[in-house]
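The structure appears right after this line, and notes come after that.
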Amino acid sequence: MSVAAPITARIVECYGRRVVLELTDKSRAQAEVFGKRLKVVCGDHVRIEDNPATHALQVMEVLPRQSHLSRIDNRGQAEVLAANITQLVVLLSEQPKADPYIVDRYLAGAELGEMKAIVVATKADLGFSESFIALLKEYGNAGYAVFNVNMHDEQSLIALRDVLKDETSMLVGESGVGKSTLTNALLGNHAQLTRELSNATGEGRHTTVSSAMTALPPGGALIDSPGVRDYAPPPVNDLQVGFAWREFRHYRNKCKFNNCLHLREPGCAIITAMEKGEISARRYESYKRLINLMRQLLPSHERR
């Protein structure tokens, strides 16, 4: 494809230095990332040009990101996973057993990245234990919408479809939770078309190693991300961790000290609320764990 002048596009699949673009007319095309320093991710809006020598599209610039989901990589550095997301969809299941602390950290990542977030419990057809139902109630009490879905029952997907419409949503969760199955269920007949488009690029779609964006039939877009064994947001200071816990909002201004970290300070309204059962004790423990992790990663002069 030839482009006469610089135009913008959105990255919908990313394979190292090669990407798949969605152009302004909603068609897709392959492109190469220009230069070694330019880093791109799924969801990026980019400026592209035509290489006059090869007549191949090149990504020349990443436009400012409105939001992004990042994590700590295996070197302890911040790594952007996807950009311009409006909503994070955190999946958990009872089989395999969910790690609620990973769910908490995903929700914290959404808050820190200024995205909406919802919680989706998959495999509802297998039934939920009382302890799992209690866990889901914790997220509801914290202020998150919780959806129970049976991915083989279209009726159970109706409410979820409504909150995905017109959003750019990213599915995240542990390996085996059912992200790809849910993606296919949500896409319906559109799923086969998506696979054909992906195969036509010559890259294929490897959801275990990359993220890919697909348009949802009623409107909006869905990014299916690789399954993970763990997740943590990039390092932030102590006070910022508190802002990542949604249920703390109602109590923060009631603490005795403006810079209260909600750990051992006297007159802490959040500790009082936790002791009264108004805030989940397990979620509060998760907050303290993330504080400790961030302190390990941040230099001491940046902690406060």
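Would you work out the Kirkwood radius for the range 68-224? I mean one over the mean of 1/r across all pairs of different Cα atoms, in Å.
By the Kirkwood definition, the hydrodynamic radius is 16.2 Å.
Provide, as a two-decimal number, the C-alpha radius of gyration of the chain over 2.2 N^0.38 Å, N being how many residues it has.
Numbers: Rg = 20.8 Å, N = 304, 2.2 N^0.38 = 19.3 Å.
After normalising by residue count via 2.2 N^0.38 Å, the value is 1.08.
Taking the Cα centre of the chain as origin, sum charge times position over the Cβ atoms of Lys and Arg (+1) and Asp and Glu (-1), and report the length of that vector in debye to the nearest 20.
940
If you stretched the chain out fully between THR181 and GLU265, how much longer would it get, using 0.36 nm times the residue separation minus the C-alpha to C-alpha distance?
On the way: separation 84, 0.36 × 84 = 30.24 nm, distance 4.59 nm.
Here the segment from THR181 to GLU265 would lengthen by 25.7 nm.
So how strong a dipole does the range 29-181 carry about its Cα centre when Lys and Arg Cβ are +1 and Asp and Glu Cβ are -1, to the nearest 20 debye?
Here the range 29-181 has a charge dipole of around 360 debye.
Out of all DSSP beta bridges in the chain, what portion is antiparallel? Express it as a percent rounded to 5.
In the chain, approximately 60 percent of DSSP beta bridges are antiparallel ones.
Output needed: Cys residues of the chain lacking any neighbouring Cys C-beta below 4.7 Å, sorted by number.
Isolated Cys, the chain: CYS14, CYS42, CYS268.
What 222 nm value per residue comes from the helices of the chain, counting each DSSP H run with n ≥ 4 as -39,500 (n - 2.57) and dividing by all residues, nearest 500 deg cm²/dmol?
Result for the chain, helices only: -8500 deg cm²/dmol.
With +1 assigned to the C-beta of every Lys and Arg and -1 to the C-beta of every Asp and Glu, and no other charges, what is the dipole magnitude of the range 245-304 about the Cα centre in debye, to the nearest 20?
80
Which order do the peptides 150-160, 105-115 come out in when sorted by mean C-beta neighbours inside 10 angstrom, highest first?
Highest mean packing first, the order is 105-115, 150-160.
Run the simple label-point estimate for GLN296 and HIS55 please: 7 Å along Cα→C-beta, distance reported in nm.
Here the modelled spin labels are 5.5 nm apart.
Greater than 20 Å separation of Cα atoms is the criterion. Which listed pairs, LYS116/LYS276; LYS116/LYS179; LYS137/LYS165, meet it? Mind showing how you got there, number by number?
Details: LYS116/LYS276 28 Å; LYS116/LYS179 18 Å; LYS137/LYS165 25 Å.
Correct reply: LYS116/LYS276; LYS137/LYS165.
Take every Cα-Cα pair in the range 9-51 and report what % of them are more than 17 Å apart.
Here the tail beyond 17 Å accounts for 18 percent of pairs.
The numbers here are math on the coordinates, done by the rules we state, and not lab data. As the structure is a prediction and not an experimental result, all values here were calculated from the model. Here the Cβ is made from the backbone with ideal geometry for all residues, glycine too, and neighbour counts use every protein chain on show.
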